[in-house]
1. When residues of segment 273-293 are filtered for being assigned to a loop (DSSP other than H, G, I, E, B) and out of contact with any helix residue (DSSP H, G or I) (no Cβ under 7 Å at 6 or more places or on another chain), how many remain?
2. Taking Lys236 and the conditions (1) of a type in the set (Lys, Arg); (2) closer than 30 Å to Gly541 by Cα; (3) in contact (Cβ under 8 Å) with a residue 24 or more places away in the chain, which numbered condition does it fall short on, given that it satisfies the others?
3. Take the residues in segment 26-53 that are within 32 Å of the chain's Cα centre (by Cα) and either assigned to a helix (DSSP H, G or I) or of a type in the set (A, V, I, L, M, F, W, C) (or both), then tell me which one is nearest to Pro173 (Cα to Cα).
4. Val296 versus (1) free of Cβ contacts under 8 Å to residues at least 40 places away in the same chain; (2) under 19 Å from Ala595 (Cα atoms); (3) part of a loop (DSSP other than H, G, I, E, B): which is the lone unmet condition?
5. Would you be able to say whether some residue in segment 259-281 is over 24 Å from Arg329 (Cα atoms), out of contact with any Pro (no Cβ under 9 Å at 6 or more places or on another chain) and of a type in the set (Asp, Glu)?
6. With the requirement that a residue be under 18 Å from Lys349 (Cα atoms) and either surrounded by 15 or more Cβ atoms within 10 Å (Cβ to Cβ) or in contact with a helix residue (DSSP H, G or I) (Cβ under 8 Å, 6 or more places away or on another chain) (or both), what does segment 195-212 give you?
7. For Pro182, are the conditions met, namely being buried (at least 20 other Cβ atoms within 10 Å of the Cβ), out of contact with any Pro (no Cβ under 9 Å at 6 or more places or on another chain) and either at pLDDT 95 or above or of a type in the set (S, T, N, Q) (or both)?
8. Write out, first by first residue and then by second, each pair whose Cβ atoms fall under 6 Å of each other, whose residues are 6+ apart or on separate chains, and whose first residue, in segment 389-408, is over 13 Å from Gly378 (Cβ atoms) and crowded, with 19+ Cβ neighbours inside 10 Å while the second is modelled with pLDDT of 95 or more and of a type outside the set (Gly, Ala, Ser).
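The values are calculated or read from the model by the stated rules, or taken from the named source; none is laboratory data. Model, not experiment: these values are computed from the prediction. Positions of Cβ are backbone-derived with ideal geometry, glycine not excepted, and every protein chain shown enters the neighbour counts.
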Amino acid sequence: MKRTTFAALAFLLMPALFVPSCKEKEPVPVATVRFNPEEQMSGRKIALKEFDKDFPTDWSTYNYLVMVARTSTSQYMYLGMNTDSGYAEASVTFYASDGWIRTAIPLDYFRKRPAASHDMAATFNKKRPFAHIGLHGTQRELVGVDSIGLRMSMPVKDCKIDLADVYLAVEDPGDAYLGDKPVVDEFGQWNLGEFEGKIHSEEELRAEWAKEDAELAAFQDDTHSEYGGLLARKVKATGYFRVEKIDGKWWFVDPDGYLFLSNASTDIEPGGGGTVLNPLPGMYVEKAPEGFVPPVDLRKTLGRVVRVQPAPEGEPDHIVWLTDWNLYRRHGAEDTERKANQLNINRMKAWGMNTIGNWSSRALMDMGQVPFMTSLGGIGIQTGIYGMPDVYRDDFESIVDEGVKRSTERYKGNRMLIGWFLGNEPTWSNRETLLCDYILEADDVMPMKQALLKHIAKFGDTPESRKAFAYDTFERFVKTVDKALKKYDPDHLNLGIRFGAGLPADEVLVICKKYFDVYSFNNYGIEANVRTMDRVSEVTGLPMIIGEYHFGSVDRSLGESVIKVTSPEQRAVAYRNYTEKAFSHPGLIGVCWFAWYDEPLLGRGDGENYNTGLLDATDRPYPRMIEAIKASAARMYDIHEGKVAPFDQRPERAGRTFVDAWSPK
């Protein structure tokens, strides 16, 4: 009898039966799903009887769908199952392309709506050691399940997934790598295949670094001010960044009075690759450079920390220092962080990127060489519901006052600071009725729940009433924060909240108009959404910045990103097409790429492993992307003034258009 036919008690009593060894002989495919690039939606459904003639159809007592799989691609695919009540589905990126893995996907992702969190990424992104799961599908009761489906929207090249086994488990059997060759090399690169630009030795890497250093040393700029403003266009100076509308077009104005369009990236910090805690066996080539001494204090690492699993009880973390290894190779052990930050500043200036975006290194900002935007902390978002703070707490105003005071103390009087964000991608926007569901499910002692109950008692429980409650709550929040910001830091701009996932309701835009100096929104698409920009301009009259956008490809076994393109060449085409058309809008005064470095190959903390960096894990720029950035930066002022037309070439077969239909094949 196979594993799928055991009762729940058997799973608990005999867990060893359900954890195959990592070093058994290579699995043999039982089923293969091929994805055809000629089809808009490609894939197929697989009868579960192919894996076990007695495979259960009622999954109510199980908690994990376990798959032994090997993929030839790192593209998103959609994993789902037929049920008596309809089709349940979630998106999955399997890590370790071309390697056999075992991964256990929690079934709650398919039968329960996502738990509310403070922003969209925290709500919808989930991570397993070998899979990134996106909870954007439909949830169902998992009864009457007879098959699983795997499908892919707009596949890039012929690709496939092999399945050697699929079974159910009550307890988590753990993920495992089933191959012998490590997935990630000592430089942070995909180790199971070749790709354009791959580094094979430290000598080769040093030669490329030296070439970049020479190119940066030769750069000179006599057309921009100390703050990056355009020397050819000067208006009134106030000593700080401000905004001004001139001849129907909005601009930033730098502290010396020069017109300024912000061209930024998020997450500018020393090095890529990450710092990995307690990886699973076989995941990494653990080869430190000669002479490297790891930091005694983990807080001193220069790589973003990703914890794969807890350390065994009583034992220290086992750490793979990918970022620190590459930075040590390049900069040595002395003054490493400052050298790495200065290198990134030199890159920004040479490439025409004039703003440090959100989530970047504090030490980089403190160097005082490049303007920056950053976020307020401690203003109640993290402890609210669905990104909405509990403004009804008796102490809410004092919480915000203290949070704003603490956030702004560091940068009072700093002329390089452009302004402050209040938050990122609030999940409740355009989901106001669902927000109220989550509030009503909270503890009775929560003041926001009691406020909602009183509101419903007075105005009724209708969609319109719920929306009105959400809008009033939002206004209380931003009004309180803006009051504290004007109290503690009146010299810097209120950049608002980086909205995501569509245009907010007009009621929200009207509130933004009252309190924000700039309207910010994250806009993932092939092009910036003109409808959004036109509507924001019409309702608020505010200038706008795009807080995030990007394009990624899948040739390095990294995830495709929110908007995928077919190749590195098409990333550059997509960048110019998007950026230049965005700056042609009279209200758009800034864009911000996400992100500076590629994300870790085996996923950051929430699972994302996107190929969206301007630099790869080895601290090398992507040449085509850099040329595109330079070209657009040189033209953005003339484009915004209407003197030249923007670049106009859509990338080939790009995006993530989802057709809710199965391939006919």
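1. 12
2. Result: Lys236 fails condition (3) only.
3. We begin by selecting, within segment 26-53, every residue within 32 Å of the chain's Cα centre (by Cα); these are 32-46.
Now restrict to residues that are either assigned to a helix (DSSP H, G or I) or of a type in the set (A, V, I, L, M, F, W, C) (or both): 33, 35, 41, 46.
Working: Val33: 24, Phe35: 29, Met41: 32, Ile46: 23 Å.
Selected residue: Ile46.
4. (2)
5. No; the residues of segment 259-281 include none that is over 24 Å from Arg329 (Cα atoms), out of contact with any Pro (no Cβ under 9 Å at 6 or more places or on another chain) and of a type in the set (Asp, Glu).
6. Within segment 195-212, Trp209, Glu212 meet the criteria.
7. On the way: buried (at least 20 other Cβ atoms within 10 Å of the Cβ): yes; out of contact with any Pro (no Cβ under 9 Å at 6 or more places or on another chain): yes; either at pLDDT 95 or above or of a type in the set (S, T, N, Q) (or both): yes.
So Pro182 fits the description; yes.
8. Every condition considered, the pairs that remain are Asp390/Pro447; Asp390/Met448; Val391/Thr473; Val391/Arg476; Val391/Phe477.
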